[in-house]
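A.B. asks: Pasting a structure here, questions to come.
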Amino acid sequence: MGCEQALLASQSPGSVIPLLQEAQENEGFVSEEAIESVARRTGMPCSTVYGVATFYSQFRLKRPGRHTIRVCEGTACHVLGVGAVLERLTEELGIPVGGTTADGLFSIESVRCLGCCSLAPALMIDDETYGRVTPDSVVEILESYRKESS
Amino acid sequence: MTPVHEVRVGLATCGIAAGAQRVADRLQQTADAGRIDLPIKQVGCVGMCFNEPIVDLVDDSGRITRYGHVTEADVDRIVEEHVLGSRIVEDLQIDNEAFFGDQVRIVLENCGVIDPESLEEYRAQDGYVGLEKVLHEMTPDDVIEIVKASGLRGRGGAGFPTGLKWSFAAKETASEKYVICNADEGDPGAFMDRSVLEGDPHRVLEGMALAAYAIGASHGYVYVRAEYPLAIRRLEKALDDARSARLLGEGILGTSFSFDIKIKAGAGAFVCGEETALIASIEGRRGMPRKRPPYPASSGLWGKPTNINNVETLANVPWILRHGAEAFAAHGTETSKGTKVFALAGKITNSGLVEIPMGMPIRQIVFDIGGGIQDDRPFKAVQMGGPSGGCIPMSLVDTPVDYEALKATGAIVGSGGMIVLDDSTCMVDVARYFLDFTQKESCGKCTFCRVGTKRMLETLERICAGDGHADDLDKLIDLGKKIKQNSLCGLGQTAPNPVLTTTEYFRDEYEAHIVDQACPAKVCKPLIRFHIDPGACKNCGLCAKGCPVDAIAAADGGYHVIDGELCVKCGRCEQVCPFDAVEILTGKVEA
């Protein structure tokens, strides 16, 4: 695709989601400026772009911590006790789901299903998947990230 | 023993999460160091997720020796004993027969066999032969007739006849038509489509090209979940390779047929599995469904005729064109032909991916292929179809996997999630879990879905908290039926199913919660309490040390007691007690 065509394509309404994804990829979240920029580039009102960003669970409107913990809330994980893991995790970090620790090291998010149900209960930290986690093993996992950053 | 010819390592998401990448790296290091002179090949999900990481050694005659739960240390043993010493490492070898014996592999025929990133390997398994045959020898109508005759029905859940669906879009005249592959696998507990995309991506592309030829489309989209980064990467590679080989793009295989595909990463919205919501999402809008008709076949993406099929549906098509409609229809029942892929998970021994001929009883899937329940606990139910489906109890476990037979139970074949539940699962909690899901995922357009699911969830939460009312069950069922009748799309029309099936088959559990304030499975926290059996307690104090709220203390009689007022019911005392002295009680406290 030539430069000019790429520019044209980026202006179509269909590119709102890919542009928001790109912004989040670059900054870690969708900032107010990013919403304004996407609106300018696609010719859509800011309110519409904001509406799209808040409709989809992928988009974060706040800056996340250095490591994002995604706890799987799929059916298999639910019946195999991810609830107790999540409870320990929030207790250990002192933040609820959706929160970021004061030192900016961790954020906790819940996801619908990571699709590795045979390893339930599962969670992801950044791009690494951890299977068959327990309330105790999750504390050890956190510790390894803390060590790495200190 | 014939020499080893090739080493395969399962590198799908599940395998990687279990440590398969480290095993593959170790094997590669061994090869790089010159110890073995063998290709180390990455393959997709073989299906035995419970044995990951899996390493297959293939000998010159094509025979496979399979090793499971392989660690980096095991790699050295396998190399030393099997590759160099020609002796099977028996304690690592796993048995295939029980798991694969009753399966029929059509969709998954290449998964775990070929390198998903190699076009050559897909072609060596007769990949793109179907497309070649069709483009040179058949008209679009011929293709539609074959797919109709095969009896293939949509594998995304609704079960609409695929050939008939194609014929609708084919009839339309328009300057542009689209084929969309729905890979927005949103059901929690389902990973069939992810495995196919990660293990055999060209198969899906070939299926799309065949659909495009049949309906006269020149552009296609794969709408895939953003949570599946590996699937997206492998699809991108497959697209590049197919374009270079003139299997996609302008003038495919030297004919006048042109078709190309773009990938659209979804952004996390369950409702986008619905056709019109998915189209809205590709167009860059909030993924909200609209009224049908007009159906996408006449007015879909950008107002043009559009055909949408699920990943598994499309993955069947190349096989059907290669082997013929009759060979496909030879599997299955009167109204449900071919095979179905299921993701077996939950309290099952052999969790993984299975492909079975339609018509197989659920009992055979769970107990023979799946190996029964973990720790030999009693089977309670199997949840099929995710948030749109229902729970099938033991009394109906002989129901065959067939669209009509399963519908009669209140559940559905669904997209393929099969979550097995045992006696430690609370059915009221399962219903609450699914309503929580659909309530949050409701797009908010229809009042019954938006508000109705909220009211149902509140009622279920109350029951789980021990505050149920005598008329709650009737109200749940009444509201559930109304939501089904008054919602626009499949999400709302099916959202009450988990509640309606559990109230029908597990009414006694609801009544125990409401009348006796008891949770028979001991799951619902407000209804349970922890207690130390003075007779079994040895006063070791481990429980008191582990208690995060200091609710446990030594009593005078030489045992520990739990202060119910302070206890947060985290269950840590039960986990740490070496004498099983901590018991969970439920029901009203005896005076």
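The values are calculated or read from the model by the stated rules, or taken from the named source; none is laboratory data. Source: prediction; values computed, not measured. With ideal geometry, Cβ positions are generated from the backbone for all residues, glycine too; neighbour counts draw on all protein chains shown.
A.B. asks: Given the condition touching a Gly at 6+ places or on another chain (Cβ under 8 Å) and within 19 Å of B:Lys525 (Cβ to Cβ), answer yes or no: does some residue in the stretch B:557-572 qualify?
C.D. replies: yes
A.B. asks: Please specify each residue of the stretch B:443-477 satisfying the condition of being more than 14 Å from chain A (Cβ to nearest Cβ) and outside any helix (DSSP H, G or I).
C.D. replies: Matches in the stretch B:443-477: B:Cys446, B:Ala465, B:Gly466, B:Asp467, B:Gly468, B:His469, B:Ala470, B:Asp471.
A.B. asks: Could you say whether any residue in the stretch B:11-22 is in contact (Cβ under 8 Å) with a residue 12 or more places away in the chain, surrounded by 14 or more Cβ atoms within 10 Å (Cβ to Cβ) and more than 14 Å from chain A (Cβ to nearest Cβ)?
C.D. replies: Scanning the stretch B:11-22 turns up no residue that is in contact (Cβ under 8 Å) with a residue 12 or more places away in the chain, surrounded by 14 or more Cβ atoms within 10 Å (Cβ to Cβ) and more than 14 Å from chain A (Cβ to nearest Cβ).
A.B. asks: Quick one: is B:Lys237 more than 24 Å from B:Gly157 (Cα to Cα), out of contact with any strand residue (DSSP E or B) (no Cβ under 7 Å at 6 or more places or on another chain) and either buried (at least 24 other Cβ atoms within 10 Å of the Cβ) or not hydrophobic (A, V, I, L, M, F, W, C) (or both)?
C.D. replies: Numbers: more than 24 Å from B:Gly157 (Cα to Cα): yes; out of contact with any strand residue (DSSP E or B) (no Cβ under 7 Å at 6 or more places or on another chain): yes; either buried (at least 24 other Cβ atoms within 10 Å of the Cβ) or not hydrophobic (A, V, I, L, M, F, W, C) (or both): yes.
Spelling it out, B:Lys237 is indeed more than 24 Å from B:Gly157 (Cα to Cα), out of contact with any strand residue (DSSP E or B) (no Cβ under 7 Å at 6 or more places or on another chain) and either buried (at least 24 other Cβ atoms within 10 Å of the Cβ) or not hydrophobic (A, V, I, L, M, F, W, C) (or both).
A.B. asks: May I pose another question? Residues of the stretch A:109-125 being hydroxyl-bearing (Ser, Thr, Tyr) and modelled with pLDDT of 90 or more, which ones?
C.D. replies: Taking the stretch A:109-125 as the starting set, the residues that turn out to be hydroxyl-bearing (Ser, Thr, Tyr) are A:110, A:118.
Scanning the stretch A:109-125 gives a single hit, A:Ser110.
A.B. asks: Follow-up question, since we're still on this one. Condition test on A:Ser118, is it at the interface with chain B (Cβ under 8 Å from one of its Cβ atoms) and surrounded by 23 or more Cβ atoms within 10 Å (Cβ to Cβ)? Quick ask: steps written out before the conclusion?
C.D. replies: Values: at the interface with chain B (Cβ under 8 Å from one of its Cβ atoms): yes; surrounded by 23 or more Cβ atoms within 10 Å (Cβ to Cβ): yes.
The answer is yes for A:Ser118.
A.B. asks: Here is a follow-up. If I ask for residues that are under 11 Å from the mean Cα position of the chain (by Cα) and among the aliphatic types (A, V, I, L, M), which ones from the stretch A:45-66 would you list?
C.D. replies: Selection gives A:Leu61 alone.
A.B. asks: Out of the residues in the stretch A:121-150 that are within 12 Å of chain B (Cβ to nearest Cβ) and charged (D, E, K, R), which is nearest to the chain's Cα centre (by Cα)?
C.D. replies: A:Asp126
A.B. asks: So which helices (runs of 4 or more DSSP H) stay within the stretch A:64-149 end to end and still have 3 or more residues that are closer than 28 Å to B:Val46 by Cα?
C.D. replies: Details: elements: A:75-79, A:82-93, A:135-149.
Those helices (runs of 4 or more DSSP H) span A:75-79.
A.B. asks: Next question. Considering each residue of the stretch A:51-73, count those that are in contact (Cβ under 8 Å) with a residue 12 or more places away in the chain and either surrounded by fewer than 18 Cβ atoms within 10 Å (Cβ to Cβ) or within 28 Å of A:Gly14 (Cβ to Cβ) (or both), and give that number. Outline the logic, then answer.
C.D. replies: Step one: of the stretch A:51-73, the residues in contact (Cβ under 8 Å) with a residue 12 or more places away in the chain are A:52-53, A:56-73.
Cutting the leftovers down to either surrounded by fewer than 18 Cβ atoms within 10 Å (Cβ to Cβ) or within 28 Å of A:Gly14 (Cβ to Cβ) (or both) gives us A:52-53, A:56-64, A:66, A:68, A:70.
Selection size over the stretch A:51-73: 14.
Condition check ((1) modelled with pLDDT of 95 or more; (2) within 23 Å of B:Gly154 (Cα to Cα); (3) buried (at least 17 other Cβ atoms within 10 Å of the Cβ); (4) not assigned by TED's automatic domain parsing to the domain that holds B:Pro378) across all residues:
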{"position": "B:Lys407", "(1), (2), (3), (4)": "no, yes, no, no"}
{"position": "B:Gly410", "(1), (2), (3), (4)": "no, yes, yes, no"}
{"position": "B:Tyr433", "(1), (2), (3), (4)": "yes, no, yes, yes"}
{"position": "B:Cys446", "(1), (2), (3), (4)": "yes, no, yes, yes"}
{"position": "B:Thr453", "(1), (2), (3), (4)": "yes, no, yes, yes"}
{"position": "B:Leu457", "(1), (2), (3), (4)": "yes, no, yes, yes"}
{"position": "B:Asp471", "(1), (2), (3), (4)": "yes, no, no, yes"}
{"position": "B:Asp478", "(1), (2), (3), (4)": "yes, no, no, yes"}
{"position": "B:Ala495", "(1), (2), (3), (4)": "yes, yes, yes, yes"}
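A.B. asks: Of a type in the set (D, E, K, R), at pLDDT 95 or above, within 29 Å of the chain's Cα centre (by Cα) and more than 30 Å from B:Glu274 (Cα to Cα), is that true of B:Glu504? Break it down stepwise before answering.
C.D. replies: Details: of a type in the set (D, E, K, R): yes; at pLDDT 95 or above: yes; within 29 Å of the chain's Cα centre (by Cα): yes; more than 30 Å from B:Glu274 (Cα to Cα): no.
No.
A.B. asks: Just to be sure before I move on: is A:Val52 in a helix (DSSP H, G or I) and facing chain B (nearest Cβ under 9 Å) in the structure I sent?
C.D. replies: For A:Val52, the condition - in a helix (DSSP H, G or I) and facing chain B (nearest Cβ under 9 Å) - is met.
A.B. asks: Still on this structure: Find the residue count for the stretch B:67-116, including only residues that are more than 23 Å from the chain's Cα centre (by Cα) and not β-branched (Val, Ile, Thr). Lay out the reasoning, then the answer.
C.D. replies: Applying the first criterion (more than 23 Å from the chain's Cα centre (by Cα)) to the stretch B:67-116 yields B:67, B:70-95.
With the extra rule that they be not β-branched (Val, Ile, Thr), the set shrinks to B:67, B:72-74, B:76-77, B:80-82, B:84-87, B:90-93, B:95.
The total comes to 18.
A.B. asks: Of the residues B:Gly268, B:Gly249, B:Gly273, which single one is assigned by TED's automatic domain parsing to the domain that holds B:Leu135, surrounded by fewer than 24 Cβ atoms within 10 Å (Cβ to Cβ) and modelled with pLDDT under 95?
C.D. replies: On the way: B:Gly249 fails: modelled with pLDDT under 95; B:Gly273 fails: surrounded by fewer than 24 Cβ atoms within 10 Å (Cβ to Cβ).
Going through B:Gly268, B:Gly249, B:Gly273 in turn, just one is assigned by TED's automatic domain parsing to the domain that holds B:Leu135, surrounded by fewer than 24 Cβ atoms within 10 Å (Cβ to Cβ) and modelled with pLDDT under 95: B:Gly268.
A.B. asks: Go through (1) under 27 Å from B:Arg123 (Cα atoms); (2) surrounded by 20 or more Cβ atoms within 10 Å (Cβ to Cβ) and name the single condition B:Arg322 misses.
C.D. replies: (2)
A.B. asks: Kindly check whether there is at least one residue in the stretch B:425-442 that is more than 26 Å from B:Gly15 (Cα to Cα) and in a strand (DSSP E or B). Talk me through it step by step, then tell me what you get.
C.D. replies: Keep residues of the stretch B:425-442 that are more than 26 Å from B:Gly15 (Cα to Cα), which gives B:425-442.
If we keep only those that are in a strand (DSSP E or B) too, we end up with none.
Among the residues of the stretch B:425-442, not one is more than 26 Å from B:Gly15 (Cα to Cα) and in a strand (DSSP E or B), which makes the answer no.
To keep it simple, each residue is scored yes or no on (1) in a loop (DSSP other than H, G, I, E, B); (2) over 23 Å from the mean Cα position of the chain (by Cα); (3) of a type in the set (A, V, I, L, M, F, W, C); (4) within 14 Å of chain A (Cβ to nearest Cβ).
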site	(1), (2), (3), (4)
B:Ile261	no, yes, yes, no
B:Gly268	yes, no, no, yes
B:Cys272	no, no, yes, yes
B:Pro294	yes, yes, no, no
B:Ser298	yes, yes, no, no
B:Trp319	no, no, yes, no
B:Ala343	no, no, yes, yes
B:Val354	no, no, yes, yes
B:Gln364	no, no, no, no
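A.B. asks: Report, by residue number, each residue of the stretch B:59-71 that is at pLDDT 95 or above and charged (D, E, K, R).
C.D. replies: B:Arg66
A.B. asks: Related question: Would you confirm whether any residue within the stretch A:104-111 is in contact with a Lys or Arg (Cβ under 8 Å, 6 or more places away or on another chain), among the hydroxyl-bearing types (Ser, Thr, Tyr), more than 11 Å from every other protein chain (Cβ to nearest Cβ) and over 22 Å from B:Ala345 (Cα atoms)?
C.D. replies: Looking through the stretch A:104-111, none of the residues is in contact with a Lys or Arg (Cβ under 8 Å, 6 or more places away or on another chain), among the hydroxyl-bearing types (Ser, Thr, Tyr), more than 11 Å from every other protein chain (Cβ to nearest Cβ) and over 22 Å from B:Ala345 (Cα atoms).
A.B. asks: When you look at B:Glu81, is it in the same structural domain as B:Ala17 (by TED's automatic domain parsing) and surrounded by fewer than 16 Cβ atoms within 10 Å (Cβ to Cβ), yes or no? Give the derivation first.
C.D. replies: Numbers: in the same structural domain as B:Ala17 (by TED's automatic domain parsing): yes; surrounded by fewer than 16 Cβ atoms within 10 Å (Cβ to Cβ): yes.
Judged against the criteria, B:Glu81 is a match.
A.B. asks: Could you check how many residues of the stretch B:206-230 are modelled with pLDDT under 95 and either in a helix (DSSP H, G or I) or within 20 Å of B:Pro140 (Cβ to Cβ) (or both)?
C.D. replies: Going through the stretch B:206-230, the residues modelled with pLDDT under 95 turn out to be B:225-230.
Now restrict to residues that are either in a helix (DSSP H, G or I) or within 20 Å of B:Pro140 (Cβ to Cβ) (or both): B:229-230.
Adding up the residues that qualify gives 2.
Every residue, every condition in (1) over 30 Å from B:Ala381 (Cβ atoms); (2) surrounded by fewer than 18 Cβ atoms within 10 Å (Cβ to Cβ); (3) not assigned by TED's automatic domain parsing to the domain that holds A:Tyr145, yes or no:
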position: A:Phe29; (1), (2), (3): yes, yes, yes
position: A:Ser37; (1), (2), (3): yes, yes, yes
position: A:Val49; (1), (2), (3): yes, no, yes
position: A:Thr75; (1), (2), (3): no, no, no
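A.B. asks: Also: Which members of the stretch B:399-432 meet the condition of being free of Cβ contacts under 8 Å to residues at least 24 places away in the same chain and of a type outside the set (Gly, Ala, Ser)?
C.D. replies: Across the stretch B:399-432, the qualifying residues are B:Leu406, B:Lys407.
A.B. asks: Another one. Every residue in the stretch B:554-576 that is surrounded by fewer than 16 Cβ atoms within 10 Å (Cβ to Cβ) and within 19 Å of B:Cys540 (Cα to Cα), please.
C.D. replies: Across the stretch B:554-576, the qualifying residues are B:Ala554, B:Ala555, B:Asp556, B:Gly557, B:Gly558, B:Asp563, B:Gln575.
A.B. asks: While we're looking at this one, here's another question. Got a sec? Which of B:Arg203, B:Arg286, B:Arg246, B:Arg234 is part of a loop (DSSP other than H, G, I, E, B) and away from every other protein chain (no Cβ under 14 Å)?
C.D. replies: On the way: B:Arg203 fails: part of a loop (DSSP other than H, G, I, E, B); B:Arg286 fails: away from every other protein chain (no Cβ under 14 Å); B:Arg234 fails: part of a loop (DSSP other than H, G, I, E, B).
After ruling out the rest, the residue left standing is B:Arg246.
A.B. asks: Sticking with this one: When you look at B:Ile279, is it surrounded by fewer than 22 Cβ atoms within 10 Å (Cβ to Cβ), under 27 Å from the mean Cα position of the chain (by Cα), among the β-branched types (Val, Ile, Thr) and not assigned by TED's automatic domain parsing to the domain that holds B:Ser388, yes or no? Don't jump to the end; show me each part of the working.
C.D. replies: Values: surrounded by fewer than 22 Cβ atoms within 10 Å (Cβ to Cβ): no; under 27 Å from the mean Cα position of the chain (by Cα): yes; among the β-branched types (Val, Ile, Thr): yes; not assigned by TED's automatic domain parsing to the domain that holds B:Ser388: yes.
When the stated conditions are applied, B:Ile279 does not pass them.
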